[in-house]
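Peer 1: Could you have a look at this structure, given as structure tokens, before my questions?
The values are calculated or read from the model by the stated rules, or taken from the named source; none is laboratory data. Keep in mind the model is a prediction, meaning the values are calculated, not measured. So basically every Cβ, Gly included, is an ideal-geometry build from the backbone, and we count neighbours across all protein chains shown.
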Amino acid sequence: MASSASNGEHKSTKPPPTPSPLRNSKFFQSNMRILVTGGAGFIGSHLVDKLMENEKNEVIVADNYFTGSKDNLRKWIGHPRFELIRHDVTEALLVEVDQIYHLACPASPIFYKYNPVKTIKTNVIGTLNMLGLAKRVGARILLTSTSEVYGDPLVHPQPESYWGNVNPIGVRSCYDEGKRVAETLMFDYHRQHGIEIRIARIFNTYGPRMNIDDGRVVSNFIAQALRDEPLTVQSPGTQTRSFCYVSDMVDGLIRLMEGENTGPINIGNPGEFTMIELAETVKELINPGIEIKMVENTPDDPRQRKPDITNAKKLLGWEPKIKLRDGLPLMEADFRLRLGVAKKV
Ligand SMILES: NC(=O)c1ccc[n+]([C@@H]2O[C@H](COP(=O)([O-])OP(=O)(O)OC[C@H]3O[C@@H](n4cnc5c(N)ncnc54)[C@H](O)[C@@H]3O)[C@@H](O)[C@H]2O)c1
Ligand SMILES: O=c1ccn([C@@H]2O[C@H](COP(=O)(O)OP(=O)(O)O[C@H]3OC[C@@H](O)[C@H](O)[C@H]3O)[C@@H](O)[C@H]2O)c(=O)[nH]1
């Protein structure tokens, strides 16, 4: 059931591929070139904002806009250190970069189940393509894996050493098994070719810029509360999740990329809530008059989820700062703007 996640057997004995002669040249003065796949999405666009704050960074986003949008990046379009490419990661990409943050993949269950074969292709062929790119140009690559690799976990909270409890043929498998293969590919490229890899296992993340109709629970509840619609708690409502605010997540991802540990490392907020508790909190903070309605759930919904972040604290010096009660109002303000619903005074 469990194994040690970061022991010696996973370490590559090969040196990493060398970057181009230009990058190694004595008088080299160019910026760090960073590719963000899926950079037009929710987490990706916040990551781009943070990377662009550093004037030594040039950022290239590759995104097919399946769930992302140019609108999320509008403040950077036309900036001399920024480039946006419409590109599907299931096709090869030829760019010269130093780091790759590989996020491209639909993340909301309703979107990843919409075309499951495409979701698997994105996870498997997309990750192979990005690893091939990392190998050719000698780039370090970070994969945004997921807490879903633990499936419906039998160990709680989940440490990285837990191998998980995943249904290989269920409706979520395109995503959770897809990400598990993506992790395998990352380690095989590391051991076989010496590629510098980083794997983040991201737990439920929320914040401004989530699609209004994303379908994930926090965006659903906030949109419903603002539209005076009942909050749809999927039964039994006692299932738990641990919600991380997006700025904390971005901070963790950058620390992982810049640090010396391959991971996998859990990045998430250990504050754990049932879906009924989440609905009650949204109701209290945003619309006390709203109804909470129990609706049917979907198959294989994990019953509990909470990250063990001992490794993130120890190895990255990271822990989340923003509590759910402080993060929800920041997301509410963004949703009010986009839905055109002013706060009642
Ligand atoms: N938000 C979370 O709670 C969460 C939790 C665990 C893991 N993750 C991972 O983090 C990453 C980002 O998630 P997010 O919440 O920002 O989701 P998102 O749906 O907002 O962003 C995903 C982005 O990837 C793009 N994309 C999808 N398929 C693509 C393809 N084939 N080629 C190119 N681009 C493609 C989308 O258009 C979108 O811009 C994903 O890899 C996801 O699996 C997110
Ligand atoms: O309207 C809703 C939506 C969802 N839910 C419940 O809320 C919980 C969370 O559901 P979400 O759809 O937000 O997200 P999940 O936790 O199932 O998957 C998530 O976690 C890991 C990431 O990799 C995925 O990208 C992300 O979608 C589930 O138990 C679900 O049943 C509701 O009660 N009501």
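Peer 1: Out of all the residues in the range 203-216, is one or more buried (at least 19 other Cβ atoms within 10 Å of the Cβ), more than 10 Å from ligand 1 (Cβ to nearest atom), outside any loop (DSSP other than H, G, I, E, B) and more than 13 Å from the chain's Cα centre (by Cα)?
Peer 2: no
Peer 1: For Thr262, state whether it is in a loop (DSSP other than H, G, I, E, B) and buried (at least 19 other Cβ atoms within 10 Å of the Cβ).
Peer 2: Spelling it out, Thr262 is indeed in a loop (DSSP other than H, G, I, E, B) and buried (at least 19 other Cβ atoms within 10 Å of the Cβ).
Peer 1: Kindly indicate whether His87 is modelled with pLDDT of 95 or more, over 21 Å from the mean Cα position of the chain (by Cα) and of a type outside the set (Lys, Arg).
Peer 2: No.
Peer 1: Within the range 218-249, which residues are assigned to a strand (DSSP E or B) and within 12 Å of ligand 2 (Cβ to nearest atom)?
Peer 2: The answer is Leu231, Thr232, Val233, Gln234, Thr240, Arg241, Ser242, Cys244.
Peer 1: Right, next: List pairs: first in the range 249-276 and at pLDDT 95 or above, second among the acidic types (Asp, Glu), Cβ under 7 Å, 6+ apart or cross-chain?
Peer 2: Pro264/Glu160; Pro264/Glu183; Ile265/Glu160; Asn266/Glu160; Asn266/Asp308; Asn269/Asp248
Peer 1: Same structure, new question: Give me the pairs: first residue in the range 107-130 and part of a helix (DSSP H, G or I) and modelled with pLDDT of 95 or more, second residue among the aliphatic types (A, V, I, L, M) and within 15 Å of ligand 2 (Cβ to nearest atom), beta-carbon distance under 7 Å, and six or more apart or on different chains, which are they?
Peer 2: Final answer for the pair search is Thr122/Ala104; Asn123/Val181; Asn123/Ala182; Val124/Val181; Val124/Ala182; Gly126/Ala104; Thr127/Leu143; Thr127/Ala182.
Peer 1: Identify the residue in the range 139-176 that is among the acidic types (Asp, Glu) and surrounded by 22 or more Cβ atoms within 10 Å (Cβ to Cβ) and, among all such residues, is farthest from the chain's Cα centre (by Cα).
Peer 2: Glu160
Peer 1: Among the numbered criteria (1) out of contact with any Leu (no Cβ under 8 Å at 6 or more places or on another chain); (2) more than 15 Å from ligand 1 (Cβ to nearest atom), which one does Ile195 miss?
Peer 2: Answer for Ile195: the failing condition is (1).
Peer 1: Testing Pro299 on (1) within 16 Å of ligand 1 (Cβ to nearest atom); (2) at pLDDT below 95, one condition comes back false. Which one is that?
Peer 2: For Pro299, the exception is condition (1).
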